[in-house]
């Protein structure tokens, strides 16, 4: 009897236990589904942040633009730890080709802000294109980070408070090169492109040379697409023939054309004339092989800065691009991406323009070039530059800018050009 009752109880109890177990599992599943839904709703509430990257991928500055794009992608990876997320927001990059045409650049930036919903824009390869884009940022009250256009007027006479520049300006180029070559008794003539990039540089270079004891005695300008430099160079030679002391032709050129090759062909050494120029991209450094010992100053050369950020950039670029090191404007794109991410982190993911301006003014961070900072007064990124002397190694396809001196931010004393 007892055994039967026990069996009956087991028979009655087992189904009860099964119902309770099923009920427990059901509650667990419902809870998990609700949690997933809540998480999905929370994630959906964190809208993506759109960044427009507008560069001159067509035209004489195509190589610069492609490097900027590659560097920007790596900079986002580095600054977000590979997540491409900031404070729960996914970063979306919208790339556009301004074709080295100011009107197209202006229209694309307006399109990016109004049609694409871009929260921040980056770009301006050519100074002429960048200058055309500046008023668009002001009209839309949106941040525009200029990279890599260098004309002083971008953070000078044409500047507005929505503009930040990670690229160096013409004065940074000019002052660093003046410090690299300027000595008492040195006479300099310049060959530069006849637009804002070249003219802003020469104006700043003349001022920067004066304290070194050197003098800029002759200025020659040529159209940006010049291919025959015979006449401009001959005018420079004629002008320097009248001077005493060490004579230098300083070339300030970007993009197409090969003024260094033309200089070599015309034999400046037979007239006792040295050649100088600033740093450049690796393909352009091939022409520097004709001038061993050439001195100047560079914005970047991958083997010069010694820090963990640059180590990461060099290794990552080699991994992504078949062993090739990062180039001049790869570094610039990388720094621009760092600036975007760090600003967004400081605002907690907010894209409110006023919050971004407050976050970026005076912002310092560690870049591939070391510590850099946005100056509050004009939003120009202050950064070290590198004096170099060209070394020729037959095993390296380009000339090597060997570091002679790190030119610090404090040494350059870059003036504030705008009237805020």
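General observations
- Scan of the range 170-180 for residues that are closer than 15 Å to residue 414 by Cα and either out of contact with any helix residue (DSSP H, G or I) (no Cβ under 9 Å at 6 or more places or on another chain) or surrounded by 21 or more Cβ atoms within 10 Å (Cβ to Cβ) (or both), ordered by number: 170, 171, 172, 173, 174, 175, 176, 177, 178
- Odd one out for residue 40, checked against (1) part of a loop (DSSP other than H, G, I, E, B); (2) modelled with pLDDT under 95: (1)
- Test: residue in the range 282-293 that is without any contact (Cβ under 8 Å) to a residue 60 or more places away in the chain, loosely packed, with under 14 Cβ neighbours inside 10 Å and farther than 14 Å from residue 71 by Cβ: no
- Restricted to the range 48-136, the set of strands (runs of 3 or more DSSP E) holding at least 1 residues that are on the phi > 0 side of the Ramachandran plot, crowded, with 23+ Cβ neighbours inside 10 Å and at pLDDT 95 or above comprises 120-123.
- Per this entry, residue 354 is not counted among residues that are surrounded by fewer than 20 Cβ atoms within 10 Å (Cβ to Cβ), assigned to a loop (DSSP other than H, G, I, E, B) and assigned by TED's automatic domain parsing to the domain that holds residue 120.
- A single member of 369, 413 is in contact with a helix residue (DSSP H, G or I) (Cβ under 8 Å, 6 or more places away or on another chain), at positive phi and touching a residue at least 60 places away in the same chain (Cβ under 8 Å), and it is 413.
The values are calculated or read from the model by the stated rules, or taken from the named source; none is laboratory data. No experiment lies behind these values; they were computed from the predicted model shown. Positions of Cβ are generated from backbone atoms using ideal geometry, with glycine treated the same way; all protein chains shown enter the neighbour counts.
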